Amino acid sequence: MNITHNEIKDHALQQLRNYSKWGESIGVIIVAAIIAIAASIIPFGGLLIAGPLALGIAGFYLKISRNGDGVFNNMFDGFKNFGNALIANFLVGLLTGLAFILLIVPGIVVACGYSQVNRIMHDNPQMNGTDAMRASWKLMDGKKMDFFMLNLSFIGWAILCIFTLGIGFLFLSPYIGVTNSKYYDEITGRGNELVDSIGQDLVS
């Protein structure tokens with residue numbers, strides 16, 4: 001990857017600013033939170049909507065990172081691939097939770113290993129959830145620590161957000177989301193050019 005973490009983060013800020021996506025991004029976060037709270041009232045409701053919402057939001061941030069055309073309604077696109085999103089989210093959550101029960105470090109390793117599942121599924125909607133997990137793990141081979149350090153670099157902003165009673169996270173979350181989307185495109189060699197076969201290449 002011939003780009004630094006600072007350059008990736010600068011790209012994210014520029015895309016959010018240049019395409020005026022802060023408002024839509026904040027709207028996505030607020031609506032997603034409301035939906036999650038409402039769904040939690042129903043038994044297993046939160047589990048059912050978490051995966052599709054996460055997939056849709058991942059796609060929303062990818063579109064902003066690539067060409068700035070992410071729109072609010074993209075957050076619901078994950079429901080078009082409901083079954084795969086549900087299975088992948090459940091399995092990733094289960095495996096990550098079990099790893100964290102063992103120790104923090106294994107939990108971080110597993111979380112980073114499966115960090116690209118939703119982005120891979122967005123770009124390869126024909127791929128099932130378990131194949132997306134395999135693809136993410138293969139893609140992140142040798143990159144887990146690098147990805148962890150990229151996200152750890154936001155810790156200062158996260159601490160400041162706490163002192164804003166959490167309001168600052170409405171701005172930090174899109175910043176992190178678009179940053180991670182750019183990182184994904186860099187490690188897959190996509191940039192703004194999509195390669196349809198990359199998902200299958202990662203699984204094979």
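Here are the numbers for this structure:
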{"read-out": "The one condition in (1) crowded, with 23+ Cβ neighbours inside 10 Å; (2) within 16 Å of N151 (Cα to Cα) that V105 fails to fulfil", "value": "(1)"}
{"read-out": "Filtered residues of region 1-41 (kept if part of a helix (DSSP H, G or I), under 13 Å from G68 (Cβ atoms) and in contact (Cβ under 8 Å) with a residue 40 or more places away in the chain)", "value": "H11, A12, L13, Q15, L16, N18, W22, E24, S25"}
{"read-out": "Residue within region 42-61 that is free of Cβ contacts under 8 Å to residues at least 40 places away in the same chain, over 12 Å from the mean Cα position of the chain (by Cα) and at positive phi present", "value": "yes"}
{"read-out": "Some residue of region 140-148 being more than 24 Å from V71 (Cα to Cα), at pLDDT 95 or above, aromatic (F, W, Y) and not in a helix (DSSP H, G or I)", "value": "no"}
{"read-out": "Region 57-73, subset touching a Leu at 6+ places or on another chain (Cβ under 9 Å) and within 18 Å of A32 (Cα to Cα), residue modelled with the highest pLDDT", "value": "I64"}
{"read-out": "Residue satisfying all of: in region 108-128; without any contact (Cβ under 8 Å) to a residue 60 or more places away in the chain and in a helix (DSSP H, G or I); surrounded by the fewest Cβ atoms within 10 Å (Cβ to Cβ) among these", "value": "V109"}
{"read-out": "Condition check for A135: part of a helix (DSSP H, G or I) and over 26 Å from L170 (Cα atoms)", "value": "yes"}
{"read-out": "Test: A32 is more than 20 Å from N128 (Cα to Cα), more than 15 Å from the chain's Cα centre (by Cα) and either acidic (D, E) or at pLDDT 95 or above (or both)", "value": "no"}
{"read-out": "Within region 1-31, considering residues that are out of contact with any Ser or Thr (no Cβ under 7 Å at 6 or more places or on another chain) and either among the charged types (D, E, K, R) or under 19 Å from A88 (Cα atoms) (or both), the one surrounded by the fewest Cβ atoms within 10 Å (Cβ to Cβ)", "value": "R17"}
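The values are calculated or read from the model by the stated rules, or taken from the named source; none is laboratory data. Remember, it's a predicted structure, so these values are computed and weren't measured experimentally. Cβ sites come from the backbone with ideal geometry, for glycine too, and all protein chains shown count toward neighbours.
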